[in-house]
Structures are given as structure tokens and as C-alpha cells.
Amino acid sequence: MITSSRMSALHPYVPGEQPKDRVYTKLNANENPYAPSPKVIKAVTDFITANPQKLALYPDPDSNELHAKIADMINKTGGVLCRAHVAPDGSVTPDESDRIPFTVTPDMIYTGNGSDEVLSFVFYAFFDSGKKFVMPQFTYSFYPVYAGFYDIPMDQVPLNEDWTLNTEEMLVRVKNNGGGMIFANPNAPTSLALTREQVRQMLLKANPDKIFIVDEAYVDFGGESCIPLLKEFSNLLIVRTFSKSLCAAGMRLGYVVASPELINTITTVKNSVNHFPLDAVAQVAGCTACENPDYYAECARKVAQERDKFYNFLKSRGFYVLESKTNFLFARHPSIGGEELYRRVKEKGFLIRHFATPGIEEFVRITVGTAEQMEGLKKVFEEII
Ligand SMILES: *Cc1c(COP(=O)(O)O)cnc(C)c1O
């Protein structure tokens, strides 16, 4: 055999489809329907045209400027864009409920080539091959892929009947396994969120010397961030991304917020695998996005509004829909299966996501787009149901 024995342990992630046969309205990968801020477009264009030679040089391997700008954005917004208050002059302040009781500093930030790469390094750095880590049975489906890649045993805990996380059982398993824990909050694909206080209660009972990872990819659309808990729990590590709320999935920008000690550990992994995870253009785009949280707060609010409207529409059409705190809706209909609904919606030019995974195969996951896109999808659903 030409391949290493490791290859048999790989089960690659299957992303939402990107068909080329016709133009679809793409509501299947939880991307943001809005373009980045015009200021980001200008900064990127200026960077390339004003300093072409810069593209011939290596970028800053540690993205220092970007780390400072991310920290600054978090302090200004409280880490939840859809609730941040925007003054007429464009300045942004956190909602009272999101206020962070300390200042997030640049040494608490790590950035990588999308949070997928960040998660990969985090798995390598903090999960042991000798101890099972705990995660929910239905959560971001890349976690099991990394477990296979790094040969880390996992312990998947079934959700409660109402699709919420079974936090009690997760804590029991963490104690028994003596390892770490990871989940997305809000969770995917269920769209449901734990409150910060619920996560805090988990942290109080989890292993204080084992990593506790919260993936906040969707928190800007209405969840509660756990950033305010970082000073109380040194084992807490928060993963976030520019791909959803910062309209930049194509730039590949993900980050971690954690104690400087944990950040140093991930940096050591990074410098042992890929010294320059962020290219120069991505760093410019990221910095400029962070300087304009007012624009992104507005985008997140619009998405949250459309989500709530579409939630009500689905309910009125007899769907069972989970109470989303994200930019997508997870729903099933009593008289049409998930696979069939996905297929018939696709025939009409809209892509939504269906998972063939046993247990959730009756559901579809619908990314929330613009008002116009959701109006179009509504018409399609009205024809089908
Ligand atoms: C989209 C998503 C990610 C990946 O984001 P990238 O930064 O684009 O790699 C990570 N975690 C969850 C839960 C996601 O939904």
C-alpha cells in the first residue's frame, strides 16, 4: 500500500454543496447574505494597488495588528453584534447584558485560516489520545473529523428530547473520562443556545485542569457570549469566526479568545505546522472589518429580524421549528420528509441543507438570507406545502 496506515482513520467533512450547473439562491452554508463593509473592499483594493510589492513579501506570521483590532472590537461590542448599540456617529457600545467585566487584550487572541484550522490546532493542543473528550451527539460535524485525524477518542452525548444539550450527562461523562469538552453555543445544526449562566454552571462542575471549548461561530446573531467568564475559568477557550457575522467566509478568518497561556500553546502548534496561516490580504480585510462594527451590527440585526419573520412563517405552515439564536432555522414538517423538501426546494432554485444523519434526517437547515431571498423562499414553500 502506498498510503500510510493513518489514512484509514480519516472521514473527511462534507460541506454544503456549491453546484455550478445553474444559479441557485444559496441558503445552505450559513454564509452572510451581505457583502463585507465597503470600507473593507476599499482597504483591500488600496492595499493591493498602492503596495503591490507587499504581496511579494511574507505577511506578519502572528497577525499582531489584527489581534489588537479584534480585542478592540470585542471590547466595543461586548462580543454580540446584534445587540450592540450604534450611536448616530457610528460609535458602538455593548448592550448592558453583554458588558465584559475586564478588558480583552491582544495577547488573549489567536487567529488562523478559518476557525476550522483553528479548531484543528486546538484539538491537537488540548485533547489527549488517552482520554475521551465529550461533545454533544448533534453538533458541528467537523469535531468528529478532527477526532479521527488526530486519533483522539470521543464520547458523544445524546441531546435531550427537546434538542437542548444534556448538560448534566455531559458533566458526568467529563468526570468519568477525565478529559475535556467541546460544543457550539449556539449549537449547530439545532440553532439552540445555552445562557452564559448555564455554561458557567457547567464550568463550575467540569474538570478545572481540562480544556473547555465553546465554539461561538453564531453568537453574534443573538446568543450570549462566554467571553465575560474568561477571568473566572482559566481552562475556558472560545473559538469564533469572521465567516458568519462578519460577512467574510471567503477570507478564511477564525480566532480564539482565551488566556494568554492557552494562546501561547496554540501559537506553538501553529509554528510547528503552518507559520503563516493568514495571508496579507486577509489580515487587511480583518483589521478593517473590526474597525467598522457598526456596519456588521446592522447586518446581524437584519438577519435576526428576517430569521424571526421566517420562523413565524414556518410555524404558520405547520412546521416544528427550533427557537433559533443563529442565522439559520432548523425545522421539520409533519407531512414532508427532509430529503424530499430539500429536493423540491432545489428544483425551484433554492439550496437549503439536509443532513442524512440518522436522528435528524427529517429536518432541513435553512440559512437566513436577505428579506428578498426569504420572500422568494416563502413563495416556494407555499407552493410545496
Ligand atoms: C461555520 C462554522 C465554523 C467554521 O467556520 P470557518 O471560520 O469558516 O472555518 C466553525 N464552527 C461552527 C459551529 C460553524 O458553524
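In this structure, does Phe149 turn out to be more than 19 Å from the chain's Cα centre (by Cα) and not in a loop (DSSP other than H, G, I, E, B)? So Phe149 passes the test. A single member of Leu55, Leu81, Leu27 is over 30 Å from Lys346 (Cβ atoms) and within 16 Å of the ligand (Cβ to nearest atom), and it is Leu81. Taking the conditions (1) surrounded by 15 or more Cβ atoms within 10 Å (Cβ to Cβ); (2) touching a residue at least 60 places away in the same chain (Cβ under 8 Å) in turn, Arg99 satisfies each one other than (1). Taken over the range 318-360, residues that are assigned to a loop (DSSP other than H, G, I, E, B) and under 24 Å from Ala193 (Cα atoms) amount to 16.
Without any contact (Cβ under 8 Å) to a residue 24 or more places away in the chain and farther than 20 Å from Leu253 by Cα, is that true of Ala84? For Ala84, the condition - without any contact (Cβ under 8 Å) to a residue 24 or more places away in the chain and farther than 20 Å from Leu253 by Cα - is not met. The residue pairs whose first member lies in the range 148-159 and is more than 19 Å from Ala184 (Cβ to Cβ), whose second member is charged (D, E, K, R) and surrounded by 15 or more Cβ atoms within 10 Å (Cβ to Cβ), and whose beta carbons are closer than 7 Å, counting only pairs six or more residues apart or on different chains, are Pro153/Lys132. Of all residues in the range 230-247, those satisfying the criterion of being within 10 Å of the ligand (Cβ to nearest atom) and either surrounded by fewer than 24 Cβ atoms within 10 Å (Cβ to Cβ) or not in a loop (DSSP other than H, G, I, E, B) (or both) are Val239, Arg240, Thr241, Ser243. Identify, by number, the condition in (1) open to solvent by 10 Å² or more (accessible area, probe 1.4 Å); (2) farther than 19 Å from Ile211 by Cβ that Ser120 doesn't meet. The failed condition is (2).
Taken over the range 268-302, the criterion of being part of a loop (DSSP other than H, G, I, E, B) and aliphatic (A, V, I, L, M) is satisfied by Leu278 alone.
Just so you know, in the range 123-145 the residues that are out of contact with any Asp or Glu (no Cβ under 9 Å at 6 or more places or on another chain) and more than 23 Å from Val364 (Cβ to Cβ) include one that is nearest to the ligand (Cβ to nearest atom), and it is Phe123.
In the condition set (1) part of a loop (DSSP other than H, G, I, E, B); (2) out of contact with any Cys (no Cβ under 9 Å at 6 or more places or on another chain), Gly79 is compliant with all but (2). Going residue by residue through the range 123-139, is there one that turns out to be modelled with pLDDT of 95 or more and under 19 Å from Leu278 (Cβ atoms)? Looking through the range 123-139, at least one residue is modelled with pLDDT of 95 or more and under 19 Å from Leu278 (Cβ atoms). Whenever a residue of the range 162-181 is among the hydroxyl-bearing types (Ser, Thr, Tyr), its partners that are assigned to a helix (DSSP H, G or I) and open to solvent by less than 50 Å² (accessible area, probe 1.4 Å), lying with C-beta atoms within less than 7 angstrom and at least six residues away or across chains, give the pairs Thr167/Met202. Criterion applied to Arg317, Arg332, Arg343 was being crowded, with 16+ Cβ neighbours inside 10 Å and of a type in the set (Lys, Arg), and the one residue passing it is Arg332. Exactly one residue out of Glu361, Glu323 is open to solvent by 80 Å² or more (accessible area, probe 1.4 Å) and farther than 30 Å from Gly90 by Cα, and it is Glu323. Restricting attention to the range 192-229, the residues that are part of a helix (DSSP H, G or I), within 16 Å of the ligand (Cβ to nearest atom) and either over 23 Å from Ile263 (Cα atoms) or not hydrophobic (A, V, I, L, M, F, W, C) (or both) add up to 2.
Only a single item in (1) part of a helix (DSSP H, G or I); (2) within 20 Å of the chain's Cα centre (by Cα); (3) over 30 Å from Thr370 (Cβ atoms) is not met by Gly250, and it is number (3).
In a residue-by-residue description of the range 89-109, the property of being within 16 Å of the ligand (Cβ to nearest atom) and at pLDDT 95 or above applies to at least one position. Within the range 260-280, the presence of a residue that is of a type in the set (Gly, Ala, Ser) and touching a Ser or Thr at 6+ places or on another chain (Cβ under 9 Å) is excluded. Restricting the first member to the range 117-129 and to residues that are under 17 Å from Pro12 (Cα atoms), and the second to residues that are basic (Lys, Arg) and in a loop (DSSP other than H, G, I, E, B), the beta-carbon pairs closer than 8 Å and six or more apart or on different chains are Glu117/Arg252.
Of all the residues that make up the range 1-22, how many are more than 26 Å from the chain's Cα centre (by Cα) and open to solvent by 60 Å² or more (accessible area, probe 1.4 Å)?
Counting residues in the range 1-22 that are more than 26 Å from the chain's Cα centre (by Cα) and open to solvent by 60 Å² or more (accessible area, probe 1.4 Å) gives 9.
Of the residues making up the range 178-195, just one is surrounded by fewer than 19 Cβ atoms within 10 Å (Cβ to Cβ) and at pLDDT 95 or above, namely Thr195.
Can you pull out the residues in the range 146-158 that are crowded, with 20+ Cβ neighbours inside 10 Å and within 16 Å of the ligand (Cβ to nearest atom)? Tyr146, Ala147, listed by residue number.
The values are calculated or read from the model by the stated rules, or taken from the named source; none is laboratory data. Model, not experiment: these values are computed from the prediction. Here Cβ is always computed from backbone atoms with ideal geometry, including for glycine, and neighbour counts include all displayed protein chains. Ligands, DNA and RNA are excluded from the accessible area calculation, which covers all protein heavy atoms including side chains. Shrake-Rupley method; radii C 1.70, N 1.55, O 1.52, S 1.80 Å.
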